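Here's the structure, in C-alpha cells; my notes come after.
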C-alpha cells in the first residue's frame, strides 16, 4: 500500500507538497517492544501506522505507568513529533505493542508542510483534538469510575483486540495500563475469580463469563 | 484596548481577514458566576479574555466537579467554540469566576478564518496543545500526587491569585476544584489546622504558615 493512501488530506496537497512527502516519508518495520518516542528515541517525526499496534503512556518519577491511548492501522501519531508542536509540555512514551509497520514523516518535513498548507494545519488540529478527547475521557474514568468497572472494561477491550478470551497479561502489565499498583489489580482479579468472571493462572487471565464482565464494565 | 491587541496572530492576517474579525468580534461584560459555555450556553464562539477570570470544569453524572483550567487576561478559550473543532468529544463548562470582560468571536467567523489562514490554523493548534498539556499535568497530579500536596498547592495558588492569605472558600468549593468529596477536604483542612498551616472559620481558610504550606505543595 502506498503512503498516499495513509495520509488523509493527501488530495488537498499541491503536487509539490505531495512530492515532498513521498520523497521523505520512510517505511519502517518495528518489533514488538521497540521504543519509538521518549527516553533515548526522541522526536523522530509523525508516525502513520500501516499495521500493528502502538501504545502511548506516561511514566511517573517512581516508574509507575498509565496507558494514555493506543494507535491502530491508519492512525496518526502526532506526539512523536512533539518538538514541532509548540506548547506540548509533557513527556509521553510511545512503544510498539505488537510487531508494526509504519511510515515516519521527519519532523522538519511535517513542520514545513504545516506552515504552508492550511489543510495540513487544520488536519493536525483535528488529530490533536481527538487525542485531547481521549485524555479527557481517561480523566473522567479515573475520577468517577470505580476500579472494578475500569478493570472489567479493560479486560473486555483486550479480549476484542486480541480476538481471544484467554489473555496473556501479568497483573503488573494490567497495572501499568490502568495506572494502578499490582497488588490492587491482584486483589480485584481474585474477587472477579471468586465471582466466576475470570480464571487466573500464571501470566494469563481467562474470561469465563463475558456477558457479566461486559455488564459490569458498562455500569 | 482594541481587539487587535488581544489577538496574537493579528499581524499575519490579510486586511480582509482583519476586517472580518473587527466587524464581528463582540465586546461583552459578564458578571461573576455567569455561565459562558455548557448546558444552555452552547458554542457561542472563541472567547478572548480582556480582564477577569474564567474557570473551565467538567461535571460528573452525579454532579461532582473538577476544575480543568483557568483563563486570565489575554488567554484564549477555544473550547467555547467546540462545535467548530472536529473531534472534540467531551463536554466542558466555562463560567466567569470573577466579573470579566471578553471579546467573543462567533464560531462561524472563526471557522471561516481557520479554513483560509494557515496562521490562524496553526495558532489554533498551539492553543489546543497548551490546554492539552494542562490536562496532562492534571492527570499526572491526580494519579501520582497525594491529596495533601494537591490541597496545599491549590491553597498557595489561590492565595497568589487573590492576593490575600485569607481565602473566602467553602470546603465544597475546594472539593469542586479538586474533584474530591467535601468530607475529604474537611478532614485534610482540619489536619492542616492541627499542624498550624491554616486557621478555619465559617466560609474562610486563612493561611497561617505560607512557607511550610509551599514546602508541602512542592514535595
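Here, each number is a calculation from the coordinates, and none is a lab measurement. Bear in mind that the values here come from a model prediction, so they are computed numbers and not experimental data. When we count neighbours, we look across all protein chains shown, and the Cβ atoms used for this are built from the backbone with ideal geometry, even at glycine.
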Using the count of nearby Cβ atoms within 10 Å as a rough guide to exposure, how do B:120, B:30 rank from fewest to most? B:30, B:120
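When the helix-only estimate is applied to chain B (DSSP H runs of n ≥ 4, each -39,500 (n - 2.57), divided by the residue count), what is the mean residue ellipticity at 222 nm, nearest 500 deg cm²/dmol? Working shown, then result.
Values: 8 runs with 97 residues, N = 219.
Calculated at 222 nm, the ellipticity per residue is -14000 deg cm²/dmol.
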Compute the label-point distances linking residue B:98 to its equivalents in the other copies; points lie 7 Å from Cα along Cα→Cβ; give nm, one decimal, shortest first. 5.3
The simple spin-label model distance between residue A:160 and residue B:2, using points 7 Å out along Cα→Cβ, in nm, is 5.4 nm
Classify region A:121-160 from the C-alpha gyration tensor, please: rounded if a/c falls under 1.5, else prolate or oblate depending on whether a/b exceeds b/c. oblate
Longest to shortest principal axis, alpha-carbon extents of the protein assembly as shown, angstrom: 62, 56, 39
Please arrange A:160, B:104, B:156 by counting, for each residue, the other beta carbons lying within 10 Å of its beta carbon, fewest first. A:160, B:156, B:104
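Suppose R0 equals 45 Å; then what is the FRET efficiency for residue B:168 and residue A:14 from their Cβ-Cβ distance, rounded to the nearest 0.05?
On the way: r = 58 Å, r/R0 = 1.29.
Once rounded, the FRET efficiency stands at 0.20.
Inverting the mean 1/r over all pairs of different Cα atoms, compute the Kirkwood radius of region B:100-149 and quote it in Å.
13.5 Å
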Axis-nearest residue of A (beta carbon) for the A-onto-B rotation, whole Å: A:121, 2
Region A:80-104 and region B:119-190 have their Cα centres apart by a whole-number Å value of 28 Å
So what's the angle, to the nearest 10 degrees on a 0 to 90 scale, between helix A:107-116 and the longest Cα principal axis of chain A? 60 degrees
Degrees, to the nearest 10: A:118-144 long Cα axis against longest axis of chain A: 20 degrees
Which residues among region A:71-107 fall inside the zone where the amide N is under 20 Å from a point 7 Å beyond the Cα of residue B:144, along Cα→Cβ? A:79-83, A:87-96
Label point 7 Å beyond Cα along the C-beta direction, distances from residue B:186 to other copies (nm, shortest first): 3.7
From Cα pairs below 8 angstrom and at least 6 apart in sequence, can you work out the relative contact order of chain B, rounded to a whole percent? 21 percent
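With a/c under 1.5 counting as rounded, go ahead and sort chain A into rounded, prolate or oblate using the C-alpha gyration tensor (a ≥ b ≥ c being the square roots of the eigenvalues; past the cut-off, prolate if a/b is larger than b/c, else oblate). Let's see the in-between values first.
Numbers: a/c = 2.29, a/b = 2.11, b/c = 1.08.
In terms of gyration-tensor shape, prolate.
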Could you work out the mean count of beta carbons from other protein chains within 10 Å of each residue's beta carbon in A:140-149? 3
Helix A:15-24 versus the longest principal axis of chain A: what is the Cα-based angle in degrees, 0 to 90, to the nearest 10? 60 degrees
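May I ask you to order B:72-82, A:132-142 by the average number of other C-beta atoms within 10 Å around their residues, highest value first?
So the order, starting with the most tightly packed, is B:72-82, A:132-142.
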Nm distances between copies for residue A:208, ranked from closest, using label points 7 Å along Cα→Cβ: 5.7
How would region A:62-113 be classified by its alpha-carbon gyration tensor: rounded, prolate or oblate, with rounded meaning a/c under 1.5 and the a/b versus b/c comparison settling the rest? oblate
In nm, the gap between the two label points placed 7 Å beyond Cα toward Cβ at residue B:32 and residue B:72 is 1.8 nm
